[in-house]
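Structure first, commentary second.
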Amino acid sequence: MDKFLTRKNLVGAGFALGAVLLSFLLFNTPVFETTLGTDIFAILERKGYDVLMQVRGSRRPSNDVILVRLDEYTVDKLGWPISHDQYGAVIALLSTYGAKAVALDLGIGQARSEQDSIQNDLMVQYLANAHNVFNSILPFIPEATVGKTDVDSTQAAVVGKFGLRSPGKNLFLRIPYFDEIPFPALAQVSTGLGHITVIPEDGVIRSIPLFIEYSGKLYPSMGFALALHALKIGPGQISFSPNDLGVMVKAGSLEFQAGHLGEVRINYVGKDSMIPSVSFFDILNAASNKDERFFAQFKNKVCIIGPTTRSIGDFYATPVSASSPGYVTHANFYDTVMTGNFIDRADAILQFVILLILTLAIGIVAQLSQTRIGVGVSLGILAVYLLFAYFSFASGNTWFNIVEPMFATFICFGSTVAYRAATEGKQKKVITNMFERYVDKTVVQN
């Protein structure tokens, strides 16, 4: 014990504790957000999360999603906007050929002209016999929290039957109204509705609001609505348990953690190309050619129709793509739920203990060993931790911080080595001066 409590060990431990406290202050408190308006260290840690997902690469998907592209080819052939009856025709075709569910990641609102009204009527006629159609709702997200009374009650009559009764504990984002909902007749022939809101963190979509609360009811994200349908989970099988991390969600056999705003991380399957897709126009063309073989691919699949052209679609950065169409995000969240690959944040206390042990070890190594050896040993210690963090993420879907430990250990090592160089230089000068009193100066220097 006495050997361990040497001056050098205590100095190394002191620098380690200082580095831990500094990193904790920077990474876990809003000090920078309060002073600068942006939390640069939290952003860096989220970038570390992106790196983990990129290095992990693709994971095994559920293989029951097909994306239907409203692409340049389709727009060239059909023009824009595409008439609503054509949406109805395609959705009806997919349903007829055995699709498990068909979702439209696009708002279809009230008619604005007589022509729109005719198209809407035709769309409803096409969908009248389909029993697996999901339409989109577009919530208005206010900057501040709104109360229960701040709602547009006229919309509730249209969407109300699709909502799940809210537990009334402010567990999810609450909105005053929807920017757009399906027109009433379309809502009537819909199996369900899903919101298509995504909220970027520093410009990147890493999570999605599981539910949006409106007029005392909860409306699921499109991906979650489709998963509940595929898993045959009804409203009575869904419950919520608030906790320190946000809310624990139970839905049938599923149990997973949502954040303080009801957000759930998306475990992307990999690059966008991992999810198969077909062009919207190719479906119409296959129907005119009676191509049964083409339509066989949709049997028991969930189909999500969405825009992929820059002029009409929403594109977002994700951890695995610099620019991805919005409907890919909903497909990935559906797959996350279906495969049970929810990503959990590692326990905060455990992460702090690991950070403390790592930094203490490196502080002592930097103080006791030669700089060259210290660098090698410290990098080895850090490499072991990074491998641990990687395999925890890749195999266990558990996210351990990687930027904060790197920051703390580099600060600790650098400050310890700097202190050691300064004190050893001072000691050397003292010894040199002492010898010069008794020995010729040139001999001392030699």
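From most to least packed by mean Cβ count within 10 Å, the peptides 265-277, 152-164 give 265-277, 152-164.
As a ratio to 2.2 N^0.38 Å, the alpha-carbon radius of gyration computed for the chain takes the value 1.30.
Using a probe radius of 1.4 angstrom, the carbon and sulfur fraction of the accessible surface of the range 51-174 is 48%. Given a cut-off of 30 Å, name the pairs among K217/K299; K100/K290; K47/K232; K161/K290 whose C-alpha atoms lie farther apart than that in the structure shown. Pairs exceeding 30 Å: K217/K299; K47/K232; K161/K290. What net charge do the residues around G48 carry, taking every other residue with its C-beta under 12 Å from that of G48, with Lys and Arg at +1 and Asp and Glu at -1? Its environment carries a net charge of 0. For the Cα atoms of the chain, what angle does the longest principal axis make with the long axis of helix 371-396, in degrees from 0 to 90, nearest 10? For 371-396 against the chain, the angle is about 20 degrees.
Tally Lys/Arg at +1 and Asp/Glu at -1 over every other residue whose Cβ is under 13 Å from the Cβ of Q257; what's the total? Mind dumping the intermediate values first?
On the way: positive: K250, R265, R345; negative: D244, E255, E263, D344, D347.
Computed value for this residue: -2.
Proximity of backbone amide H atoms, modeled 1.01 Å from N, is registered between F140 and Y177, F178, D179 at under 5 Å, excluding neighbours fewer than 5 places apart on the same chain. Ranked by solvent-accessible area (1.4 Å probe, protein heavy atoms only, all chains present), the residues H131, H195, H84, H229 order from largest to smallest as H131, H229, H84, H195. Accessible surface area normalised per residue over the chain is 49 Å², counting heavy atoms of protein chains with a 1.4 Å rolling probe. Counted by Cβ distance under 14 Å from Y390, the other residues give a net charge of +1, where Lys and Arg count +1 and Asp and Glu count -1. In this calculation the C-beta distance from A421 to S392 is compared with R0 = 56 Å, giving a FRET efficiency of 0.95. Scoring 329-341, 91-103, 301-313 by mean Cβ neighbours within 10 Å over their residues and listing the highest first yields 329-341, 91-103, 301-313.
Ignoring solvent entirely, what values of log10 I(q)/I(0) come out of the Debye formula for the range 160-292 at 0.15, 0.16 Å⁻¹ when each Cα is a single scatterer? Once normalised to I(0) and log-transformed, intensities are -0.85, -0.95.
The values are calculated or read from the model by the stated rules, or taken from the named source; none is laboratory data. Every value quoted in this text rests on a predicted model; they were computed, and no experiment measured them. Quick reminder, even Gly has a Cβ in these numbers, built from the backbone with ideal geometry, and neighbours come from all protein chains shown. Protein only, heavy atoms only, side chains kept; ligands, DNA and RNA dropped before computing areas. Shrake-Rupley method; radii C 1.70, N 1.55, O 1.52, S 1.80 Å.
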